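Contents: one structure, followed by commentary.
Any read-out appearing in this document is the output of simple, stated calculations on the displayed coordinates, not a laboratory observation. Bear in mind the structure is a predicted one, so any value in this text is a computation, not a measurement. Heads up, the Cβs are rebuilt from the backbone with ideal geometry, glycines too, and the neighbour counts pull from every protein chain shown.
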Amino acid sequence: MSSNQDLRIIRTQKMIKEALLSLIQTKEFSKITIQNIANQALINRATFYLHFLDKYDLLDKITEEVFHELSDLIKPTSYIIDNSVDSEKLQNMLILIFESVNNNISFYKAILGNYGVIEIKKKLHELIKSKFKSEFSTVNSKGQIDSEFIAQFTTSALLGMIIWWVESEQMYSTKYMAKTLTTIILNGPLQAIGFESK
């Protein structure tokens, strides 16, 4: 297969993927047909079936790519050294996560939007939680709180910020999001807004 053919395949698959994600932002996945996708991608049905089995196979392929990239970036042990948190490394990790979201914004808008596929949302939550939990379990922490609680809290906070950022049309830069979230994580939400504990 020539490089030109390879490029055509990549380009066609990208058009098909973008077509589905665009449709999910305006229509329930269950109601989207192959013909809808083909029309959106400016191809015919036969071309679609040369690349994907059906719309479920297409969505699975897209999800797998995005989730693999995100999973590789969530590395709590990279910023926890000898029971101390390296704030710069934490912030850098969060920058990469938000940059990944931004690079795949059409996916996140589709999945986290009004017509998003609930199963994919659940998988996203579980992916983040399991990654945090497995990473935290390898750290010799002196804390008294079970890692399951920490993983659940951290996941809800990070995913909540991602959802809000996506819904707000990325009104803040990835660096600002990472810096602000780092401050909240290190100081706690109440201290981050100025309250002191007694």
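Measure off 7 Å from each Cα along the Cα-to-Cβ vector at Ala192 and Lys175, then give the distance between these two points in nanometres to one decimal.
Reported label-point gap for Ala192 and Lys175 is 2.0 nm.
Stokes-Einstein D for the chain at 4 °C, 1.567 mPa s, Kirkwood Rh over Cα pairs, in µm²/s? Write out the running numbers ahead of the final one.
Numbers: Rh = 18.8 Å.
The estimated diffusion coefficient comes to 69 µm²/s.
How fast does segment 1-52 diffuse by Stokes-Einstein, in µm²/s, taking the Kirkwood radius from C-alpha pairs at 25 °C and 0.890 mPa s? Intermediate results must be reported in sequence, preceding the final value.
Working: Rh = 11.4 Å.
Roughly 216 µm²/s, to the nearest whole number.
Residue-wise, which Karplus ³J(HN,Hα) couplings in Hz belong to segment 168-177, taking 6.51 cos²θ - 1.76 cosθ + 1.60, θ = phi - 60°, and x for glycine or proline?
The phi angles translate into 8, 6, 6, 5, 10, 5, 4, 5, 5, 4 Hz.
Which semi-axes, in whole Å and largest first, does the equivalent ellipsoid of segment 1-96 have when worked out from the alpha carbon gyration tensor as the square roots of 5 times its eigenvalues? Display every interim value, and only then the final one.
Details: eigenvalues 278, 58, 21 Å².
Semi-axes (√(5λ), whole Å): 37, 17, 10.
With a point put 7 Å past each Cα toward its Cβ, work out how far Glu64 is from Lys89 in nm, to one decimal.
3.2 nm
With each pseudo-label sitting 7 Å past Cα toward Cβ, what's the Asp82-Arg11 distance in nm, one decimal?
5.5 nm
Viscosity 0.890 mPa s, temperature 25 °C: give me the Stokes-Einstein translational D for segment 24-76 in µm²/s, with Rh taken as the Kirkwood radius over C-alpha pairs. Could you put the intermediate results ahead of the total?
Details: Rh = 12.6 Å.
Roughly 195 µm²/s, to the nearest whole number.
Compute the length gained on full extension between Glu148 and Lys123: take 0.36 nm times their separation in residues and subtract their Cα-Cα distance, giving the result in nm to one decimal.
So the extension gain works out to 7.3 nm.
Give me a comma-separated list of calculated 3J(HN,Hα) values for segment 38-53, in order, Karplus coefficients 6.51, -1.76, 1.60 applied at θ = phi - 60°, integers in Hz, x for any Gly or Pro.
Working through the residues one at a time gives 4, 4, 5, 8, 6, 10, 9, 4, 4, 5, 4, 6, 6, 10, 9, 5 Hz.
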